[in-house]
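J.: Once you've had a glance at the structure underneath, I'll fire off some questions.
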Amino acid sequence: MYRFHGDGSLVLLNVQEGDATKLINPAFSRYHPYLNVVYTCTEDIEENGKIFAYSIGLSGELTQIGEPVDAGGTSTCYLTIDKAAHHLLCVNYWDSTLAVIELNPTTGELSNSIKNVYDPKEGQKVTATGRCHGGVNHSFNDESTIRMRQADPHSHALVLDPFLGTVAYVPDLGKDLIREFFYDREQGKIGP
């Protein structure tokens, strides 16, 4: 854990050690806007991502809050918290799903189940292959990688409009476009 100063410098506060089998390949973290809680997601193309919640101590130590929650898709790469801090929205790059998970307003703990999932592929399998059998490394930008990546949608982030927080903008690295979704903040649902 680092403390960020206004001049751009970072100061190391704490190195978290613990069960290395729990948090494998953390991809993204999001700080809660009102509570001293941070959320981190794992990224894997073969297993659904997991989202962890941690309270942050005075010296930067992290204490896990509750159990990790299934992210509703593979290669979880981005987390957003809605304006009221009632829901966490997660983006799953590999299968392009978007999921909504309820937050406890007092503790920041994640609900143990997904409230809503939107799948732009409507249940169809991903065309691109993963790690084995000639898989594609999406970090490359050669012609064959781009062709394989663009066979499927690949949501890469989710940004809510700054006014009402009901329009979600989702860049799609597979289709090279930005999708617009309606986010029903009362129901915790996202869709076209």
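The values are calculated or read from the model by the stated rules, or taken from the named source; none is laboratory data. Owing to the predicted nature of the structure, the values given are computational and were not obtained by experimental measurement. Neighbour counts run over all protein chains shown; Cβ positions are idealised from the backbone, glycine included. Calculation scope for accessible area: heavy atoms of the full protein, side chains included, ligands and nucleic acids excluded. Shrake-Rupley method; radii C 1.70, N 1.55, O 1.52, S 1.80 Å.
J.: Taking the mean number of other Cβ atoms within 10 Å as a proxy for protection, how do you rank 7-13, 50-56, 119-125 from highest to lowest? Write out the running numbers ahead of the final one.
T.: Working: 7-13: 8.9, 50-56: 20.7, 119-125: 11.3.
The densest-packed peptide leads the list: 50-56, 119-125, 7-13.
J.: Which residue, Thr42, Thr107, Thr80, has the most motion in a Gaussian network model of the chain that connects Cα atoms within less than 10 Å?
T.: Sorting by GNM fluctuation, first place goes to Thr107.
J.: For a quick check: with amide H placed at 1.01 Å from N, whose amide H comes under 5 Å from His87's, ignoring anything fewer than 5 positions away on the same chain?
T.: Close amide H contacts, sequence-distant or interchain: Asp82, Leu103.
J.: About its Cα centre, how strong a charge dipole does the chain have in debye, to the nearest 20, once Lys and Arg get +1 and Asp and Glu get -1 at the Cβ?
T.: Approximately 160 debye in magnitude.
J.: From the backbone phi of segment 110-127, what are the Karplus-calculated ³J(HN,Hα) couplings (6.51 cos²θ - 1.76 cosθ + 1.60, θ = phi - 60°) in whole Hz, Gly and Pro given as x?
T.: Once θ is set to phi - 60°, the couplings for segment 110-127 become 7, 4, 7, 9, 6, 7, 7, 10, 10, 10, x, 8, 6, x, 5, 6, 6, 6 Hz.
J.: Now for a different question. Cβ under 14 Å from Arg185's Cβ, Arg185 left aside: what net charge do those residues give with Lys, Arg +1 and Asp, Glu -1? Mind showing how you got there, number by number?
T.: Values: positive: Lys83, Lys115, Lys189; negative: Asp82, Glu102, Asp161, Asp184, Glu186.
Residues close to Arg185 contribute a combined charge of -2.
J.: Name the most mobile residue of Pro33, Pro171, Pro162, meaning the one with the largest mean-square fluctuation, in a Gaussian network model of the chain with Cα contacts below 10 Å.
T.: Pro162
J.: List every residue whose amide H lies under 5 Å from the amide H of Gly73, counting only residues 5 or more places away in sequence or on a different chain, with H placed 1.01 Å from N in the peptide plane.
T.: Gly49
J.: Let me have the relative contact order for segment 35-115, percent, based on Cα pairs under 8 Å that are six or more residues apart. Show your work: numbers first, answer last.
T.: Values: 199 pairs, mean separation 20.2, N = 81.
This gives 25 percent for segment 35-115.
J.: Cα-Cα over 22 Å: which of Lys125/Lys175; Lys83/Lys115; Lys22/Lys125; Lys50/Lys189? Provide the component values of the computation, followed by the final result.
T.: On the way: Lys125/Lys175 16 Å; Lys83/Lys115 17 Å; Lys22/Lys125 27 Å; Lys50/Lys189 20 Å.
In this structure, Lys22/Lys125 lie more than 22 Å apart at Cα.
J.: Looking only at Ser59, Ser96, Ser113, which one moves most when the chain is put into a Gaussian network model with springs between Cα atoms under 10 Å?
T.: Per the Cα network of the chain with a 10 Å cutoff, Ser59 tops the list.
J.: Carbon and sulfur: what percent of segment 1-126's accessible surface (1.4 Å probe)?
T.: 50 percent
J.: Continuing with the same structure: What residues qualify as long-range amide H neighbours of Ile114, i.e. H under 5 Å apart, gap of 5 or more or another chain, H built at 1.01 Å from N?
T.: Close amide H contacts, sequence-distant or interchain: none at all.
J.: Can I ask one more? Can you check what the net charge comes to around Val167, using other residues whose Cβ is under 9 Å from the Cβ of Val167 (Lys, Arg +1; Asp, Glu -1)?
T.: Working: positive: none; negative: Asp161, Glu180.
Its environment carries a net charge of -2.
J.: If you don't mind, there's one more thing I want to ask. With every protein chain left in place, what is the accessible area per residue of the chain in square angstrom, probe 1.4 Å? Numbers along the way, then the final one.
T.: Numbers: 10660 Å² over 192 residues.
Per residue, the chain has 56 Å² of solvent-accessible surface.
J.: Which net charge results when you count Lys and Arg as +1 and Asp and Glu as -1 among the other residues whose beta-carbon is under 12 Å from that of Val117? Don't jump to the answer; show the numbers that get you there.
T.: Working: positive: Lys115, Lys121, Lys189; negative: Asp70, Asp95, Asp119, Glu122.
Within the 12 Å Cβ shell, the charges total -1.
J.: Something else: Please sort by residue number the GluC sites (Glu not before Pro) in segment 141-192 whose DSSP state is loop and whose Cβ has at most 14 other Cβ atoms within 10 Å. Each step should come with its number before you reach the end.
T.: Numbers: sites: Glu143, Glu180, Glu186; in loops: Glu186.
Passing sites in segment 141-192 are Glu186.
J.: Sticking with this structure for a sec: Quick one: 3J(HN,Hα) in Hz for segment 88-99, Karplus 6.51/-1.76/1.60 with θ = phi - 60°, rounded, Gly and Pro as x.
T.: In residue order, the calculated couplings are 10, 10, 10, 10, 10, 4, 4, 9, 6, 6, 10, 10 Hz.
J.: In whole percent, how big is the carbon plus sulfur part of the accessible area of segment 139-189, probe 1.4 Å, protein atoms only? Don't skip to the answer; put the middle values down first.
T.: Working: 1760 of 3060 Å².
Here it works out to 57 percent.
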